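Written out below as structure tokens is the structure these notes cover.
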Amino acid sequence: MTDTTKTAVTQQDKRGIGDAIRGWWDGLSRPGQWAVGIPVIAVLALLPLFPPPLLDTPGASFAGVMAQFAMYALIAIGLNVVVGQAGLLDLGYVGFYAVGAYTVGLLTSPNSPWNQTDGGWLEPGWAWVACLPIAVALTALAGLILGAPTLRLRGDYLAIVTLGFGEIVRLMADNLGELTNGSLGLSKISYPEVGESETKPGGFFSPGNLGDPDSWNPFTRASNGAWWFWLGLALVVVVLLVIGNLERSRVGRSWVAIREDEDAAEIMGVPTFKFKLWAFVIGASVGGLSGAMYAGQVTYVNPKQFDIILSMLFLCAVVLGGSGNKLGVIVGAFLIAYLPVRLQSVQLVSNESTGYLLLAVDVAVLVGLWLLWRLRGNTLGVWARRAVTTGAVVAVILGLLLLGSVLLHRQGGAQSLGDLKYLYFGIALVVMMILRPQGLFPVRQKLLTYGRQVYQAVRKPAELIGARR
């Protein structure tokens with residue numbers, strides 16, 4: 001066996017579990033992937049109806065949390081086009097989310113002078129459905145207007161401009177009181193009026209549909225959150241198909257080239273500005289789609305719901321999940337939507353005294369690890385050094401969480417870990433940047449045009465070599 005063959009087989013044997021699953025998935029044919037994917041989607045669709053005990057959220061409706069996750073997943077996919085695939089840092093993506101939500105609100109809310117459901121050209125029963133493509137088109141237009149003059153900027157300069165766009169949209173919504181009702185917001189926004197009956201006067205998507213938890217009929221058991229989740233899940237699948245086809249086209253290859261080295265891509269003949277504008281417009285339209293869903297579900301929008309912190313959370317979902325990986329950013333969106341609600345009923349310490357005691361123990365452990373590293377660090381093996389580093393990182397994180405919990409246990413303070421979401425998401429980002437900057441599920445680039453055929457052709461000889469051994 002040649003050295004090259006030995007190296008290839010050795011590298012194949014050293015693959016991790018994630019790489020093995022990825023290799024198995026990439027080795028499937030397109031029908032095979034659909035045969036696996038459809039049952040997985042069906043299981044996901046049943047989660048809001050029969051939530052597992054470990055995943056259930058005691059303090060909130062699990063179906064409502066899953067509906068929020070579906071909206072965040074759409075946002076993460078759209079932002080991933082801009083940040084993960086084209087390499088453009090967008091810090092004001094919440095502006096497109098707000099444009100989509102306010103488009104539906106302005107056209108269907110009784111508080112809006114542009115309301116078209118009270119004798120206008122929109123029938124209340126299908127008003128939300130009719131506004132959905134309008135919201136997508138207007139947010140795409142907003143992306144075009146913002147991107148045309150600003151995408152010639154790069155790096156931090158582009159990030160600052162997009163950050164300003166997000167704040168401008170929020171401030172306009174707050175200050176244009178005659179149009180947007182200012183800080184009071186727009187209420188009674190339309191939603192899909194489907195499935196109206198005596199037991200469900202507003203239909204399946206109505207906020208008053210609480211479902212029947214004692215029924216085994218999924219359509220009767222489902223609350224409005226489950227219906228919004230199903231709709232969001234369907235839209236996620238459609239958007240993934242569209243963006244996946246774009247990735248395998250000339251557009252996707254141009255995005256990758258721009259992300260890796262924009263100057264080199266331009267020298268090789270790629271019209272960089274054109275394809276960056278493509279990414280911006282497509283990402284904006286997906287964000288507007290999610291905003292329209294949000295407005296329909298909560299039936300109320302106001303400027304405070306679209307602050308810059310929310311935009312940072314969207315970017316956090318992309319970074320944590322794996323920038324450039326569509327399925328990875330969906331996992332990141334789930335963490336952003338689910339964890340704060342799940343931890344809302346979790347207390348790290350039961351009282352202030354216990355918190356100070358645990359904090360003292362944590363500080364002692366951290367000091368001990370620092371002394372070990374300082375005195376014996378040169379004599380430790382590789383795995384021992386990694387264990388000490390990991391232990392120090394965990395001790396710092398627990399110390400910060402304990403400190404926050406102790407301080408929040410004072411009179412008038414919050415009591416749950418859910419109130420510390422910005423703290424632990426910020427810590428998670430810092431830890432990810434140090435230990436795994438590519439995210440939980442890093443993207444693996446491969447040939448995009450005939451990637452599947454080439455992968456299968458190369459994989460078969462490697463499997464034969466492994467079998468002969």
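The values are calculated or read from the model by the stated rules, or taken from the named source; none is laboratory data. Computed from a predicted model, the values in this text were never measured in an experiment. Quick reminder, even Gly has a Cβ in these numbers, built from the backbone with ideal geometry, and neighbours come from all protein chains shown. For the accessible areas, the whole protein counts, side chains as well, though only heavy atoms, and no ligand, DNA or RNA atoms are used. Shrake-Rupley method; radii C 1.70, N 1.55, O 1.52, S 1.80 Å.
Summarised as an ellipsoid, the range 107-215 has semi-axes of 35, 18, 15 Å, derived from the eigenvalues of the Cα gyration tensor scaled by 5 and square-rooted, with the largest first.
Give, in nm to one decimal, the length gained when the segment between residue 327 and residue 183 is fully stretched (0.36 nm per residue of separation minus the Cα-Cα distance). Intermediate results must be reported in sequence, preceding the final value.
On the way: separation 144, 0.36 × 144 = 51.84 nm, distance 3.63 nm.
Roughly 48.2 nm would be gained on extension.
Highest average first, the peptides 31-41, 94-104 ordered by how many other beta carbon atoms sit within 10 Å of their residues are 94-104, 31-41. In a DSSP loop and with at most 16 other Cβ atoms within 10 Å, the chymotrypsin sites (Phe, Trp or Tyr not before Pro) in the range 109-197 are 114, 121, 126. Each Cα pair under 8 Å and six or more residues apart adds its sequence gap; the mean of these over the residue count of the chain is a relative contact order of 24 percent. When the GluC sites (Glu not before Pro) in the range 227-312 are filtered for DSSP coil states and for at most 16 other beta-carbon atoms within 10 Å of their beta-carbon, no site remains.
Distance between the modelled labels on residue 46 and residue 374, one decimal in nanometres: 5.7 nm (7 Å Cα→Cβ projection). A 1.4 Å probe run over the chain, with the rest of the protein chains in place, finds 51 Å² accessible per residue. For the range 32-149, a/c is not less than 1.5, where a ≥ b ≥ c are the root eigenvalues of the C-alpha gyration tensor, and a/b does not top b/c. That puts it in the oblate class.
Within the chain, helices built from complete DSSP H runs that reach 27 Å or longer along their own axis (Cα positions) and carry a mean Kyte-Doolittle hydropathy of 1.0 or higher are 127-150, 224-247, 352-376, 382-408. Quick one: Debye curve from the alpha-carbon atoms of the range 246-310 only, equal weights, vacuum; give me log10 I(q)/I(0) at q = 0.16 Å⁻¹ to two decimals. Taking Cα atoms of the range 246-310 as identical point scatterers yields -0.66.
Among the trypsin sites (Lys or Arg not before Pro) found in the range 340-434, those both in a DSSP coil and sparsely packed, with 10 or fewer other Cβ atoms within 10 Å of their Cβ, are 410.
Computed in the context of the full set of protein chains, the accessible area of the chain at 1.4 Å probe radius has 66% of its extent on carbon or sulfur.
Site pair residue 154 and residue 385 shows an inter-label distance of 3.5 nm when each label is modelled 7 Å from Cα along Cα→Cβ. With each label modelled as a point 7 angstrom along the Cα→C-beta vector, the residue 364-residue 237 pair spans 5.6 nm.
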